[in-house]
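A short worksheet on the structure shown next.
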Amino acid sequence: MSTIREAGTGTGASKVMPLPARAAANTPMPLEHGIARNPGMKLDLGFLESVRSVNRSALERRVASLTKRRSIKADNQAAWLLRAIACMDLTTLNSNDTDERVRRLCAKAINPLRRDIVEGLGIVGETIRPAAVCVYHPFVATAVDAVRGTGIHVAAVSTAFPHGLAPLSTRLQEIEASVKDGADEIDVVIPRGLVYGAKWRELFNEIVAMRAACGDAHLKVILGTGDLATLRNVMLASMVAMMAGADFIKTSTGKESVNATLPVGLAMVRAIRAYFEETGYLIGFKPAGGISTAKVSLDWLVLMKEELGRPWLEPALFRFGASSLLTDIERQLEHHLTGHYSANHRHAMA
Ligand SMILES: O=C[C@H](O)COP(=O)(O)O
């Protein structure tokens, strides 16, 4: 088996998005020294009003060209799939979650691939693990305990996930409780009604308060894009979240009838680019919900590389929110090595 090349080197000559002069002047810290945390900015209603409409068919055409044109094969594909694991928030968000299930999820995160697959790929001794496990608040302490010392983060879905329909004070208390229990990252949901009513200032103020409640924990803002009706709403909600200090913007809870789709993801990625051009800050992106196949994960990675560039193939700026993706990636890697697929139950999850 030949050495696996680093993911991100094999789909062509895409460059990191050029740094515009204005952003270059504002960029607070070069990438090689880490990514400066987005401090947010004042709510710019003028900018929001200037966004007229978003051309859905142009986004769909762009997605089609990216996913059809790019074909990632063999060793190169295995490398990209390992990259997908490293950029994963391995998730369990079920009504029947238990401490025991969360411990099993964490055990899988610590050893995401079977030993024979690790040996076959020639990556013994390399640490390839999901960036985080993602759980409901009551399981944060259990997860923190289970992954202690591994470098895996614990993300908590707080703020009355998945609907966000509790008083703001209750939602802020939930964030504070998750942080107290040791969560490194907090995934919050926005009340979608604030978007329908174009209550941008109220939405902005809520997210500012959530960011304050997070303290040092990183804030991922879930838009629930399947509920937002228009791509313009998706763009505007993305901008408001970033202006309010989001570290990441995230598509979906996994509980909407439509979750992460590539064209909607592209609209959010373009909003990240616009925010970068305005402020110089790099915001992370997390598609989540319904991403369950290795093939689709490759489409998302290609989209990130082509639209934003190499920094967005790192867990600091890109995550999949996924409960079953790891199972399919492990199956595909086994197929890559043996030419055979095994049953899903041979790749035990939580
Ligand atoms: O945030 C993550 C999602 O809830 C996971 O959704 P999924 O179960 O469809 O992978």
Ser323 vs. criteria within 16 Å of the ligand (Cβ to nearest atom), at pLDDT 95 or above and hydroxyl-bearing (Ser, Thr, Tyr): yes
Filter pass, Gly309 being within 21 Å of Val63 (Cα to Cα), away from the ligand (no atom under 11 Å from the Cβ) and free of Cβ contacts under 8 Å to residues at least 60 places away in the same chain: no
Residue check for Glu206: of a type in the set (Asp, Glu) and either buried (at least 21 other Cβ atoms within 10 Å of the Cβ) or at positive phi (or both): yes
Odd one out for Phe47, checked against (1) modelled with pLDDT of 95 or more; (2) under 30 Å from Gly215 (Cα atoms): (1)
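Table: residues versus (1) more than 16 Å from the ligand (Cβ to nearest atom); (2) without any contact (Cβ under 8 Å) to a residue 40 or more places away in the chain; (3) among the small types (Gly, Ala, Ser).
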{"position": "Leu90", "(1), (2), (3)": "no, no, no"}
{"position": "Glu100", "(1), (2), (3)": "yes, yes, no"}
{"position": "Ile110", "(1), (2), (3)": "yes, no, no"}
{"position": "Leu113", "(1), (2), (3)": "yes, no, no"}
{"position": "Val124", "(1), (2), (3)": "yes, yes, no"}
{"position": "Ala143", "(1), (2), (3)": "no, no, yes"}
{"position": "Val147", "(1), (2), (3)": "yes, no, no"}
Looking only at segment 276-294, and only at residues there that are of a type in the set (Ser, Thr, Tyr) and free of Cβ contacts under 8 Å to residues at least 60 places away in the same chain, the one that is surrounded by the fewest Cβ atoms within 10 Å (Cβ to Cβ): Ser292
Residue, modelled with the lowest pLDDT, within segment 59-76, restricted to residues that are in a loop (DSSP other than H, G, I, E, B) and within 23 Å of the chain's Cα centre (by Cα): Arg70
One residue from Val144, Val195, Val188 being buried (at least 22 other Cβ atoms within 10 Å of the Cβ) and touching a strand residue (DSSP E or B) at 6+ places or on another chain (Cβ under 9 Å): Val188
Leu165 part of a helix (DSSP H, G or I) and more than 16 Å from the ligand (Cβ to nearest atom): no
Candidates Leu93, Leu82 - the one that is out of contact with any helix residue (DSSP H, G or I) (no Cβ under 6 Å at 6 or more places or on another chain), within 30 Å of Arg270 (Cβ to Cβ), part of a loop (DSSP other than H, G, I, E, B) and not small (Gly, Ala, Ser): Leu93
Options Thr230, Thr253; residue that is more than 15 Å from the ligand (Cβ to nearest atom) and of a type in the set (Val, Ile, Thr): Thr230
Residue among Arg211, Arg270 that alone is of a type outside the set (Val, Ile, Thr), part of a helix (DSSP H, G or I) and out of contact with any helix residue (DSSP H, G or I) (no Cβ under 9 Å at 6 or more places or on another chain): Arg211
Among the residues listed as Val302, Val240, the single one being assigned to a helix (DSSP H, G or I), in contact with a Lys or Arg (Cβ under 6 Å, 6 or more places away or on another chain) and either among the β-branched types (Val, Ile, Thr) or closer than 16 Å to Phe204 by Cβ (or both): Val302
Selection within segment 176-202 - assigned to a helix (DSSP H, G or I) and either at pLDDT below 95 or over 21 Å from Gly289 (Cβ atoms) (or both): Glu176, Ala177, Val179, Lys180, Tyr196, Trp200, Arg201, Glu202
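The values are calculated or read from the model by the stated rules, or taken from the named source; none is laboratory data. Quick caveat: nothing in here was measured; it's all calculated off a predicted structure. Please note: Cβ atoms are built from the backbone with ideal geometry, for glycine as well, and neighbour counts cover all protein chains shown.
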